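Below: one structure, written as structure tokens.
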Amino acid sequence: MLDPVTRPPGSLALRCSRALLSPWSRLSLLAALLLGAATTVVLYEPQRLLAAGWPPQASGAGAVVLFGLAYGVCTAAFVPRPILNLAAGALFGTQAGLAAAVAGTVLGAGISFTLGRLLGQGALRPLLRGRWLTAADGQLSRHGFRSMLAIRLFPGVPFAAANYCAAVSRMGYAPFLLATGLGSIPNTAAYVVAGSQAGSPTSPAFLVSMGFIVVSGLAAAAVAWRKRHGLRARAGARAGAGAAAALAPAPAAPARPLEPAGSPKAG
């Protein structure tokens, strides 16, 4: 009779741990976390903060710090930053509101970057095969600070999408956070000033801030359209060159010289 096959102790636990720590399991966990965060935002409606105001129990510097922490968590949970920036200006004024908003922006970006790097990079990096995805990954990996600074200065790229794209790339933490903090100041300041001056919409500060928001949005749209048009033109040129090369006739084989009549052949 054959002896039963003995399995090494702990093999089942080892397989389970490997399955739970696999890249796709971690990506599933990230998707569940993001879905739960988005659901919480829809149910809680943080935009009510603009109408209801800050709790009266919190005041002073502690309220600014608490708002910055809440700002970071909310941005990681897909709360639109313009709403939070307007709330920061309306609640704390220009200076304190800007400090809380920028600190919350960096905190929220760091949370999203950490989640994407730990839970999503291992599963998503092997999928970067498209031409645009490969180009974006190479740009963020080689020129992380410069690329992220440009993304933050122009408001056309969604905040969360930029965070997770940077997390999947090989960009470091320090360039990402520094570029996020510096690049987010102009647009954040415009919204904070608009929120602080919302009670007087005809004031010069409110009009200048709103004008900056409109101009920066139009500039971002123009840059995005130009980039897209350039990519399409280059893609069309490459496709045309490939088609022309495929239709070009093959080079003729060189003619073999004729042997003189009566010449002896090699035996």
- Tell me the label-point distance for the pair Ser141, Leu178, using the 7 Å Cα-to-Cβ offset, in nm and rounded to one decimal. 2.2
- Query: Along segment 175-189, what does the Karplus equation 6.51 cos²θ - 1.76 cosθ + 1.60 (θ = phi - 60°) give for ³J(HN,Hα), rounded to whole Hz, x for Gly and Pro?
  - Reply: x, 5, 5, 5, 5, 5, x, 6, x, 7, 5, x, 5, 5, 4
- Note on the structure: Residue by residue through segment 141-155, the couplings from Karplus 6.51 cos²θ - 1.76 cosθ + 1.60 with θ = phi - 60°, in Hz, x for Gly and Pro, are 6, 8, 10, x, 5, 5, 5, 5, 4, 5, 5, 6, 5, 9, x
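Provide Tyr191, Tyr71, Tyr173 ordered by accessible surface of protein heavy atoms (probe 1.4 Å), highest first.
Working: Tyr191 45, Tyr71 0, Tyr173 95 Å².
Listed by decreasing accessible area, they come as Tyr173, Tyr191, Tyr71.
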- Item | Label-point separation in nm, Val41 to Ala150, each point 7 Å along Cα→Cβ | 2.6
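Sorting Leu149, Leu84 by accessible area (1.4 Å probe), largest first, what list results?
Values: Leu149 45, Leu84 10 Å².
From most accessible down to least: Leu149, Leu84.
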- Message: For a Förster distance of 22 Å, can you work out the FRET efficiency between the beta-carbons of Ala219 and Ile83, rounded to the nearest 0.05?
- Response: 0.50
- Query: Suppose R0 equals 35 Å; then what is the FRET efficiency for Val208 and Ser28 from their Cβ-Cβ distance, rounded to the nearest 0.05?
  - Reply: 0.15
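The values are calculated or read from the model by the stated rules, or taken from the named source; none is laboratory data. Computed from a prediction, not measured in an experiment: that's the story for all the values here. Here Cβ is always computed from backbone atoms with ideal geometry, including for glycine, and neighbour counts include all displayed protein chains. All accessible areas refer to the heavy atoms of the entire protein, side chains included, with ligands and DNA or RNA removed. Shrake-Rupley method; radii C 1.70, N 1.55, O 1.52, S 1.80 Å.
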